[in-house]
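The values are calculated or read from the model by the stated rules, or taken from the named source; none is laboratory data. Treat the numbers as computed from the prediction; the structure is a model and nothing was measured. Neighbour counts are summed over all protein chains in view; Cβ atoms, including those assigned to glycine, are modelled from backbone coordinates with ideal geometry.
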Amino acid sequence: MKTIVLTGGGTAGHVTPNIALIDRLKEEGFEISYIGSKTGIEKELIENIGIPYYAISSGKLRRYFSMKNFTDPFRVLKGCSEAKKLMKQLKPDVVFSKGGFVSVPVVRAAGKAKIPTVIHESDMTPGLANRLAIRYATKVCCNFTETLEHVKGKGLHTGTPIRKELFSGTKEAGLAYAGFDGNKPVILVVGGSTGAVRVNEAVRAALPKLLPEFDILHLCGKGKMDTSVSGKGYEQREYCDKEMKDVLAMADIVISRAGANAICELLALHKPNLLIPLSAEASRGDQLLNAASFEKQGFSMVMQESEITPESLTEAVGELYRNRSRYIEAMEKSPAGDATEMIVQLLKELSE
């Protein structure tokens with residue numbers, strides 16, 4: 001039996017594409033293991049689906065001052081040692097990495113052990129973790145053709161794996177989960193698994209203007225719910241997992257950050273969306289590039305954080321809803337789709 005190690009973590013976006021591959025990898029006869037961090041969101045998500053999980057130490061290189069910048073390098077070194085031991089223990093035929101800092105020791109260990117390794121880069125330009133790992137990779141799968149010039153001749157334009165279950169949701173189940181009666185169109189607000197403070201604040205400030213016209217399900221992020229805010233037709237959840245397929249089926253329009261995996265899922269499901277990318281001050285600017293690309297292709301409406309007021313958000317939501325058929329038509333014409341099959345075939349070839 002062929003064996004594969006999956007890795008990636010830190011946010012849901014570094015885990016869900018791995019999850020999207022698992023059923024097809026099982027069909028192809030792979031024995032699957034996962035290497036992630038000890039406390040990241042990936043641990044719960046992967047253990048919930050019954051995949052053997054191995055935790056290693058991990059650290060993060062921050063762009064701002066933090067005392068952890070002095071201790072995390074030692075965690076990374078420990079993680080490298082642990083990953084090396086796991087490569088010897090698990091003996092994978094191939095490794096697939098979705099990125100995040102926990103993946104760097106794994107990819108490095110696999111590369112040094114001459115194990116074929118595939119990295120998936122979601123954003124237009126590789127993040128720091130993947131930039132560190134690319135030298136050890138065999139191939140780099142990319143969402144955007146613009147990324148190919150950044151990956152040292154190893155790139156392959158594939159798009160992103162989409163979780164198969166997302167296509168099986170029902171509006172009725174979503175309405176039941178949210179407690180809505182279906183008499184008004186539904187806005188789904190997605191701030192990402194860790195939440196988005198500016199988006200959360202803007203949506204809550206706009207509720208008096210939005211709730212007369214829409215029901216709103218607000219996925220706030222872990223620890224980001226505000227019980228002081230309420231209203232008929234407004235429901236908050238920290239995060240959705242199994243219910244996400246039904247929540248997306250229910251949504252008429254989506255307000256979202258511009259993380260690459262999230263927006264690729266919206267594209268595959270043809271969901272009209274308003275993207276509010278993380279600002280350059282708070283990130284390396286990848287979401288700004290992702291959002292600009294989707295706006296140019298006619299898939300998304302984009303609003304910058306600095307532009308958000310209750311009035312501007314209400315106006316943008318109204319415009320998006322009125323013109324939703326135009327965005328749906330553009331997305332339906334896009335050749336981009338589910339990259340699961342292409343990536344699984346690549347992993348099969350490399351493991352032979």
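D246: of a type in the set (D, E) and touching a Phe, Trp or Tyr at 6+ places or on another chain (Cβ under 7 Å), yes or no? The answer is yes for D246. Considering E349, E319, E315, E329, the condition of being closer than 24 Å to H120 by Cα, acidic (D, E) and modelled with pLDDT of 95 or more is satisfied by E349 alone. Tell me, which residue of region 78-95 that is touching a Ser or Thr at 6+ places or on another chain (Cβ under 7 Å) and crowded, with 22+ Cβ neighbours inside 10 Å is farthest from K38 (Cα to Cα)? Looking at the filtered set, the residue picked out is V94. Can you spot a residue in region 230-252 that is among the charged types (D, E, K, R), buried (at least 23 other Cβ atoms within 10 Å of the Cβ), out of contact with any Ser or Thr (no Cβ under 8 Å at 6 or more places or on another chain) and assigned to a strand (DSSP E or B)? No, there is no match, as no residue in region 230-252 is among the charged types (D, E, K, R), buried (at least 23 other Cβ atoms within 10 Å of the Cβ), out of contact with any Ser or Thr (no Cβ under 8 Å at 6 or more places or on another chain) and assigned to a strand (DSSP E or B).
When E243, E201 are checked against the criterion of being of a type outside the set (G, A, S) and touching a helix residue (DSSP H, G or I) at 6+ places or on another chain (Cβ under 8 Å), E243 stands alone in meeting it. Restricting the first member to region 160-184 and to residues that are assigned by TED's automatic domain parsing to the domain that holds F96 and farther than 30 Å from F96 by Cβ, and the second to residues that are part of a helix (DSSP H, G or I) and among the β-branched types (V, I, T), no beta-carbon pair is closer than 6 Å while six or more apart or on different chains. I'd like to know if region 209-223 contains one or more residues that are farther than 23 Å from T160 by Cβ, outside the structural domain of T11 (by TED's automatic domain parsing) and in a helix (DSSP H, G or I). Looking for residues that are farther than 23 Å from T160 by Cβ, outside the structural domain of T11 (by TED's automatic domain parsing) and in a helix (DSSP H, G or I), one finds at least one in region 209-223, hence yes.
The C-beta contact set for region 190-203 (first residue closer than 15 Å to Q287 by Cα and in a helix (DSSP H, G or I), second residue of a type in the set (D, E) and at pLDDT 90 or above, distance under 7 angstrom, 6+ apart or interchain) is empty.
Here Y34, Y54 are screened, and the one residue that is hydroxyl-bearing (S, T, Y), buried (at least 24 other Cβ atoms within 10 Å of the Cβ) and not in a loop (DSSP other than H, G, I, E, B) is Y34.
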